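I have placed the structure first, in the form of structure tokens, so that the comments after it can refer back to it.
The values are calculated or read from the model by the stated rules, or taken from the named source; none is laboratory data. Everything numeric here is computed off the predicted structure, so don't read it as measured data. Neighbour counts run over all protein chains shown; Cβ positions are idealised from the backbone, glycine included. What goes into the accessible areas is simple: the full protein's heavy atoms, side chains included, and nothing from ligands, DNA or RNA. Shrake-Rupley method; radii C 1.70, N 1.55, O 1.52, S 1.80 Å.
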Amino acid sequence: MAANADYASSVPDRDRLLRNRAQVRFWLYCVLVVLFALILVGGATRMTGSGLSITEWKPIHGVIPPLNEAEWQEEFLKYQQIPQYEKINHGMSLDEFKGIFWWEWAHRLLARGVGFLFAIPLVFFWVTRRVERGLTPKLIGILALGGLQGAIGWWMVASGLVERVSVSQYRLATHLTIASLIFMATMVVARGLAPHSQAPAGRRTQRLAGILTLLVMVQIYLGGLVAGLHAGLSYTTWPLMDGKVIPGDLLLLEPVWRNFFENPKTVQFVHRIGAYTLFVVALWHMVATGRSLPGSTHARRAVLLFILVLIQAIVGIATLVMQVPMHLALTHQGFALVVLGFAAAHWRGTKGAYPLPGEIRNPA
């Protein structure tokens, strides 16, 4: 009788925990959608040359755009003091300035919005005890990364306000990578809260899935360097680059390490090598998982991940040979997030869901 009573009392508790997980997971998926939009708008802001149009960091007051002609003239005057206006946009009209201003303002508004979308529900879920104890540090860590990203965003913009006509490629790549890290971490937590239909995969499969996710992150960082240096506009042939498999003059700068961050030719070449590496590892992972776990959800996800990597490679090549049109460049950036999100979800999927309180963690 006592055992039956314990079982009866545990069923409502389990149901409640699963409902809580579903609610938190839905919230995190909403955050992912806004993060995706934020990163895409950030890409459009960069490609339209709009990122330096707002020359001050006003986290609170900056949410209100200019509301009358005098305020627009004041904002325009501030922009006219920076090198980008003097050397590139000198003589632009107020209407043209408004065109670039709205991109940057929308980007900052989305960034503030996603901060509130994350922070307010997090407090609600925590106060109402819908967040499991082990989940709290993960969510607070993501929130902290979001706060850091805001500071990094201004650090990036500040690099283009004094001597440069664009932002530093180092800071741009860092900004993009932290945004992608937040996206990835949110996906991992959401996937960890989802029901899993199959037992965790073996350690080898888990490790390779994790390596793939890391490779996607590295490739996104390299893409940030390419974008910051406009390196995609320099050599627009494929599969050869500058007429060769391995082009010359890759190590012109001194010291040598600078070439991997400041030499557009080297940066683009390394980005290509990163793409080939990711393609090969994704193919290897698909074949290995298919052999070790035939017919499993892990194997099916590995196939889909390889297909996504293949599509991304095709989009990347098209973007390059067509000399980086905006629509293809944004597709390339957006699909990189799709690949990253799926790779992260797949990696978490190979590990299984987070154990419910009281469950014994599977050693696999």
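Could you list, in sequence order, all residues of segment 81-108 that are aliphatic (A, V, I, L, M) and either at pLDDT 95 or above or open to solvent by less than 50 Å² (accessible area, probe 1.4 Å) (or both)? Show your work before the answer.
Step one: of segment 81-108, the residues aliphatic (A, V, I, L, M) are 82, 88, 92, 94, 100, 106.
If the condition is that a residue be aliphatic (A, V, I, L, M) and either at pLDDT 95 or above or open to solvent by less than 50 Å² (accessible area, probe 1.4 Å) (or both), then Ile82, Met92, Leu94, Ile100, Ala106 are the ones that fit.
Out of all the residues in segment 65-108, which are aliphatic (A, V, I, L, M) and closer than 17 Å to Ala44 by Cβ?
Ile100, Ala106
For segment 200-215, check the following and say yes or no: at least one residue is without any contact (Cβ under 8 Å) to a residue 60 or more places away in the chain, open to solvent by 20 Å² or more (accessible area, probe 1.4 Å) and part of a helix (DSSP H, G or I).
yes
I need the full set of residues from segment 122-150 which are farther than 21 Å from Ala353 by Cβ, open to solvent by 30 Å² or more (accessible area, probe 1.4 Å) and part of a helix (DSSP H, G or I), in order please.
Across segment 122-150, the qualifying residues are Val123, Phe124, Val127, Leu143, Ala144, Leu145, Gly146, Gly147, Leu148, Gly150.
Just to check your reading of the model, which residue among Gln312, Gln333 is farther than 21 Å from Thr237 by Cβ, in a helix (DSSP H, G or I) and among the polar types (S, T, N, Q)?
Gln333
Might you check whether a residue that is in a helix (DSSP H, G or I), surrounded by 15 or more Cβ atoms within 10 Å (Cβ to Cβ), at pLDDT 95 or above and aliphatic (A, V, I, L, M) occurs anywhere in segment 163-175?
Checked segment 163-175: at least one residue is in a helix (DSSP H, G or I), surrounded by 15 or more Cβ atoms within 10 Å (Cβ to Cβ), at pLDDT 95 or above and aliphatic (A, V, I, L, M).
Going through segment 286-309 one residue at a time, which ones are within 21 Å of Tyr221 (Cβ to Cβ) and not β-branched (Val, Ile, Thr)?
Across segment 286-309, the qualifying residues are Leu305, Leu308.
Taking the residues in segment 32-60 that are surrounded by fewer than 14 Cβ atoms within 10 Å (Cβ to Cβ) and farther than 23 Å from Val162 by Cα as candidates, determine which candidate is modelled with the highest pLDDT.
Val33
Conditions (1) basic (Lys, Arg); (2) crowded, with 19+ Cβ neighbours inside 10 Å; (3) modelled with pLDDT of 95 or more, marked per residue:
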position: Phe279; (1), (2), (3): no, no, yes
position: Thr297; (1), (2), (3): no, no, yes
position: Arg300; (1), (2), (3): yes, no, yes
position: Ile317; (1), (2), (3): no, no, yes
position: Leu320; (1), (2), (3): no, yes, yes
position: Gly334; (1), (2), (3): no, no, yes
position: Val339; (1), (2), (3): no, yes, yes
position: Ala353; (1), (2), (3): no, no, no
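Among Gly160, Gly153, which is part of a loop (DSSP other than H, G, I, E, B), open to solvent by less than 30 Å² (accessible area, probe 1.4 Å) and either out of contact with any Pro (no Cβ under 6 Å at 6 or more places or on another chain) or farther than 25 Å from Arg21 by Cβ (or both)? Step through it out loud before you land on a result.
Values: Gly153 fails: part of a loop (DSSP other than H, G, I, E, B).
Result: Gly160 is the single residue among Gly160, Gly153 that is part of a loop (DSSP other than H, G, I, E, B), open to solvent by less than 30 Å² (accessible area, probe 1.4 Å) and either out of contact with any Pro (no Cβ under 6 Å at 6 or more places or on another chain) or farther than 25 Å from Arg21 by Cβ (or both).
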